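The values are calculated or read from the model by the stated rules, or taken from the named source; none is laboratory data. Only a predicted model underlies this, so the values are computations on that prediction, with no experimental measurement involved. Note that we place each Cβ from the backbone using ideal geometry, even for glycine, and neighbour counts take in every protein chain shown. Each accessible area value is taken on the protein alone, full model and side chains, heavy atoms only, with ligands, DNA and RNA left out. Shrake-Rupley method; radii C 1.70, N 1.55, O 1.52, S 1.80 Å.
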Amino acid sequence: MPGTCRTAPNGDADWEDWLRRCAAALKDLVTNRSQGVKTDIRGDVYKGAIPFLMTLTHNRCAYCEAKIYQSPPELEHYRPKGRIANAGIKADGEEHPGYWWLAYEWANMLPSCIDCNRVRKHGADKELAGKGDNFPLKDEGRRAWSPDDPIDAEEPLLLDPLRPGFAWDEHFAFNFDGTIQAKSEHGAETIRILGLNRRELLLEQRRQRIDDAVERMSTYLQSRITRAPFAQAKLRALEEMWEGDSDFGSFTQRALHAYVDELATEGVQVRFPPEP
Ligand SMILES: [Zn+2]
């Protein structure tokens with residue numbers, strides 16, 4: 001995702017208030033759990049992160065980059081706060097309780113579309129895809145089971161696109177047909193879990209973005225050749241697509257790069273991102 005990582009709006013009064021409410025709710029949760037008192041995780045508290053997350057991603061799903069139109073949007077816990085699918089059972093029969101201690105943790109939250117967040121059926125074959133309570137690790141033996149275990153020892157196979165340093169190109173390659181190609185084991189698992197190549201609407205939307213990107217680029221180039229007065233407007237439209245808040249930003253960037261590379265093979269050299 002271009003220019004996006006999970007930075008915190010430090011100094012913002014609402015943000016500081018949300019942090020205080022999360023700290024208090026977590027304290028209650030830890031205290032009650034240690035005393036064996038069942039305590040619900042408070043959605044009314046952690047969902048206070050939604051406005052900050054939506055600002056961060058320009059109202060896009062952090063995983064698939066589709067615009068989120070539903071209100072309120074889904075807030076996805078990267079490490080599931082409840083049960084975890086296939087997390088194994090300890091010798092004494094204990095099931096993994098989920099990463100409940102990260103329920104109020106900013107670094108564990110992502111804004112998500114319904115299709116990425118929930119396990120749903122997709123396509124003609126009605127295959128299941130979606131995050132749900134899936135959170136596979138490269139090495140199950142390193143999974144944290146309690147707040148005392150280091151989560152940094154884990155190597156999640158699902159990618160976190162808001163993690164500082166996340167690089168789209170390390171894990172994915174762009175295809176003109178709207179699909180994404182995995183370049184790493186983590187990329188392949190992320191595509192599989194979220195159904196990024198299986199969801200028909202998503203594929204159609206990405207294809208549409210490719211068409212838009214190519215059309216905008218060719219119109220801009222043509223307008224430069226003919227010195228048309230609207231060249232600047234076309235350039236702005238391209239720039240908006242390149243770094244703005246449009247949906248499928250990472251994918252669109254690759255579409256534009258691929259188009260420029262294709263032009264180069266035809267002997268047309270274009271500097272990109274474009275300059276006025
Ligand atoms: Zn999504």
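Brief remarks follow.
- A count restricted to region 8-53 and to residues that are loosely packed, with under 11 Cβ neighbours inside 10 Å, closer than 24 Å to Pro164 by Cα and β-branched (Val, Ile, Thr) stands at 0.
- Matching residues in region 250-276 - criterion: being open to solvent by 50 Å² or more (accessible area, probe 1.4 Å) and more than 23 Å from Gln181 (Cβ to Cβ): Glu266, Gly267, Val268, Gln269, Arg271, Pro273, Glu275, Pro276
- Top-ranked residue of region 209-236 - restricted to ones that are hydrophobic (A, V, I, L, M, F, W, C) and either within 16 Å of the ligand (Cβ to nearest atom) or open to solvent by 30 Å² or more (accessible area, probe 1.4 Å) (or both), ranked as nearest to Ala66 (Cα to Cα): Val214
- Residues within region 121-146 that are away from the ligand (no atom under 16 Å from the Cβ), surrounded by 17 or more Cβ atoms within 10 Å (Cβ to Cβ) and in a strand (DSSP E or B), tallied: 1
- Taking the criterion of being polar (S, T, N, Q) and over 16 Å from Gly82 (Cα atoms), the residues of region 33-49 that qualify are Ser34, Gln35.
- Applying a threshold of 8 Å to beta carbon distances and a minimum spacing of six or more residues, or different chains, the list of pairs starting in region 183-208 at a residue that is open to solvent by 50 Å² or more (accessible area, probe 1.4 Å) and outside any helix (DSSP H, G or I) and ending at one that is aromatic (Phe, Trp, Tyr) and away from the ligand (no atom under 11 Å from the Cβ) reads Lys183/Phe172.
- Selection count, region 240-249, where residues are surrounded by fewer than 19 Cβ atoms within 10 Å (Cβ to Cβ) and at pLDDT 80 or above: 0
- Matching residues in region 157-167 - criterion: being touching a Leu at 6+ places or on another chain (Cβ under 9 Å) and in contact (Cβ under 8 Å) with a residue 60 or more places away in the chain: Leu158, Asp160, Pro161, Leu162, Phe166
- Only one of Arg60, Arg118 that is farther than 24 Å from Thr39 by Cβ, open to solvent by 50 Å² or more (accessible area, probe 1.4 Å) and within 11 Å of the ligand (Cβ to nearest atom): Arg118
- Cβ-Cβ under 7 Å pairs, at least 6 apart or on other chains, region 133-150 side touching a residue at least 40 places away in the same chain (Cβ under 8 Å) and closer than 15 Å to Gly98 by Cβ, far side open to solvent by less than 70 Å² (accessible area, probe 1.4 Å) and of a type in the set (D, E, K, R): Phe135/Arg79; Pro136/Glu189; Arg143/Glu154; Ala144/Glu154
- Gly165 vs. criteria under 27 Å from Trp100 (Cα atoms), under 17 Å from the mean Cα position of the chain (by Cα), at pLDDT 95 or above and of a type in the set (Gly, Ala, Ser): no
- Residue in region 76-90 that is among the aliphatic types (A, V, I, L, M) and more than 17 Å from Leu137 (Cβ to Cβ) present: no
- Lone qualifier among Glu94, Glu105 - being in contact with a helix residue (DSSP H, G or I) (Cβ under 9 Å, 6 or more places away or on another chain) and open to solvent by 50 Å² or more (accessible area, probe 1.4 Å): Glu105
- The residues of region 165-184 that are closer than 15 Å to Leu196 by Cα and charged (D, E, K, R), listed by number, are Asp177, Lys183.
- Val270 assigned to a loop (DSSP other than H, G, I, E, B) and aliphatic (A, V, I, L, M): yes
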